[in-house]
Amino acid sequence: MWGGRFAEGPAAVMREINASIPFDKRLWRQDIAGSLAHVKMLGDSGIVSAEDAAAISAGLERVATDYEANGVAEDLTLEDIHMQTEAKLADMIGPVAGRLHTARSRNDQVATDFRLWVRDAIDQADAALARFQQALLTRAEEHADSVMPGFTHLQSAQPVTLGHHLMAYHEMIARDRSRFVDARARANLCPLGSAALAGTGFPIDRESTARALGFDGPTRNSLDGVSDRDFAIEYLTAATQTALHLSRLAEEFILWASQPFGFVSLSDQWSTGSSIMPQKRNPDAAELVRGHSGRIMGCLTSLMVTMKGLPLAYSKDMQDDKPPVFEAHDLLGLSIAAMTGMVESATFRTPRMRAAAEAGFSTATDLADWLVREGGIPFREAHHITGSAVKRAEDLGVALDKVPLADLQAIDARIDERVYGVLSVDASVASRVSFGGTAPARVRAAIAAAREGS
């Protein structure tokens, strides 16, 4: 391609290190789309003849058909998807193919292709997360009344409902989707026409190519247009946050599926066995989702480190921008699909959950609140009284609502029989009627609002 300047060809190792076709061949659809928009603009603007534009457009369609049927060859001498496509186009239509690269550079070409690819990746992630949310909503509605222990420090804290717990993840995923939407909006400007770095002297119409590719408009600075990779970093940031949320649920499923918890049984589809221990049902899918989150985080770090010290405009380091994005995309898609499948097919062992909620003195806060509400006792004093009641329950080996009234009154005479109306786990969750609370009515209202919003 640059034989006029160089007397010798590249060394074999140089050819290998310089080539990106093994991974950027994934951009072929975006490369064809960008080229079709560009050549149409060249023809409409009179920069190339209408006949040449038509021939190039038809040739590009033939190249796309060939790629779809046969894939993209990894010819290292052609370096990247852009040169591969141009060479294939020339084979099909002859020298007129050389006019396609008028008024553009591989710098603005790859920036455009990559934005188009990331935009598509965002749309795919959003659609997959929407399906995941629907799975969460379905199971949350099914278990709006199912009592389980809520934890802090992984210690039994207060009773909640399983529906409320699952809706917490629905909220997390809603934020994740909003981050992808925000990233897409900022990414949706078209670098095509920035050329190598300074723009071009040809009378191009950047607005038309931007519109043809579904962008909101062209980028406003040619230097920034070819060197910006914020859109890729923002995609990876949103992907990382999503992966962290998926990992938290995966971790809970791993804990819940263990024998000491026994809260959930994962279906055979999402479990594996042991090569030596026939009794084992391992939550490998959840463990892999948990592991993938670290790899996705590493992809974000990789790209940020690549970009952190680059001067304007394009540097060859930026060839390494795509592998971490592609890797994160693949891992995230697998993780979302796996968690969706696990949520949809899991068997929740609600009797075991209820028993755990009843066993951990999780209604202690309800006793303290009752003392404040009914006895007019300052909360700090009520907290101390309740601690003594929990100690008595421990000594007796019973749940808090099974402590005899006489024992409670020995601790504080202001306690009367009405207190038993708040000490059961059902009474506790039913009382949490504040907005965003765990009361079954509130959970169902949250589910209805989420369905309406989606």
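The values are calculated or read from the model by the stated rules, or taken from the named source; none is laboratory data. Computed from a predicted model, the values in this text were never measured in an experiment. Counting neighbours? That spans all protein chains shown, and the Cβs are built from the backbone with ideal geometry, glycine included. The area values use the complete protein model at the heavy-atom level, side chains included, leaving out ligands, DNA and RNA. Shrake-Rupley method; radii C 1.70, N 1.55, O 1.52, S 1.80 Å.
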Hey, how many Å between the Cα centroid of segment 239-260 and the Cα centroid of segment 373-387? 37
Sort Ser35, Ser434 by accessible area with a 1.4 Å probe, largest first. Ser434, Ser35
What shape does segment 54-116 take by its C-alpha gyration tensor, where a ≥ b ≥ c are the square roots of the eigenvalues and a/c under 1.5 counts as rounded, a/b above b/c as prolate, and the rest as oblate? rounded
Within the chain, pairs of Lys residues whose Cα atoms are less than 20 angstrom apart, provided they are eight or more positions apart or on distinct chains, add up to 7
Convert each backbone phi in segment 152-166 into a coupling constant with the Karplus relation 6.51 cos²θ - 1.76 cosθ + 1.60 (shift: θ = phi - 60°), then list the ³J(HN,Hα) values in order as whole Hz, x for Gly and Pro. 10, 6, 6, 10, 4, 10, 9, x, 9, 9, 4, x, 5, 4, 5
For segment 131-228, shape from the Cα gyration tensor axes a ≥ b ≥ c, cut at a/c of 1.5 then a/b versus b/c, turns out prolate
Theoretical ellipticity at 222 nm over the chain - DSSP helices of four or more residues, -39500 (n - 2.57) apiece, nearest 500: -20500 deg cm²/dmol
If R₀ is 45 angstrom, what is the calculated FRET efficiency for the pair Lys402 and Ile17, using the beta carbon separation as r and rounding to 0.05? 0.05
Can you give the relative contact order of the chain as a percent, counting alpha carbon pairs under 8 Å and 6+ residues apart? 16
Angle between the chain longest axis and helix 50-70 axis [Cα atoms, degrees, rounded to 10]: 50
Would you kindly find the accessible area of His38, with a 1.4 Å probe and non-protein molecules such as ligands, DNA and RNA excluded, rounding to the nearest 10 Å²? 0
If R₀ is 45 angstrom, what is the calculated FRET efficiency for the pair Phe435 and Leu312, using the beta carbon separation as r and rounding to 0.05? 0.35
Round to the nearest 10 and give me the degree value, 0 to 90, for the angle of helix 322-345's Cα axis relative to the longest principal axis of the chain. 40
If one takes the longest principal axis of the Cα atoms in the chain, at what angle in degrees, from 0 to 90 and to the nearest 10, does the Cα axis of helix 379-396 lie? 70
Got a sec? What order do Phe114, Phe435 fall in by accessible area at 1.4 Å, biggest, i.e. largest, first? Phe435, Phe114
If you average the alpha carbon positions of segment 419-451 and of segment 47-79, how far apart do those two centres end up, in angstrom? 61
Once a ≥ b ≥ c are taken as the square roots of the eigenvalues of the Cα gyration tensor of segment 299-448, is the result rounded (a/c under 1.5), prolate (a/b larger than b/c) or oblate (a/b not larger than b/c)? prolate
Expressed as a percent, the accessible surface of the chain that is carbon or sulfur, using a 1.4 Å probe and the full set of protein chains, is 54
Using alpha carbons only, how many angstrom separate the centre of segment 117-195 from the centre of segment 313-368? 9
Given a 1.4 Å probe and heavy atoms of the protein chains only, how would you sort Thr152, Thr219, largest accessible area at the top? Thr152, Thr219
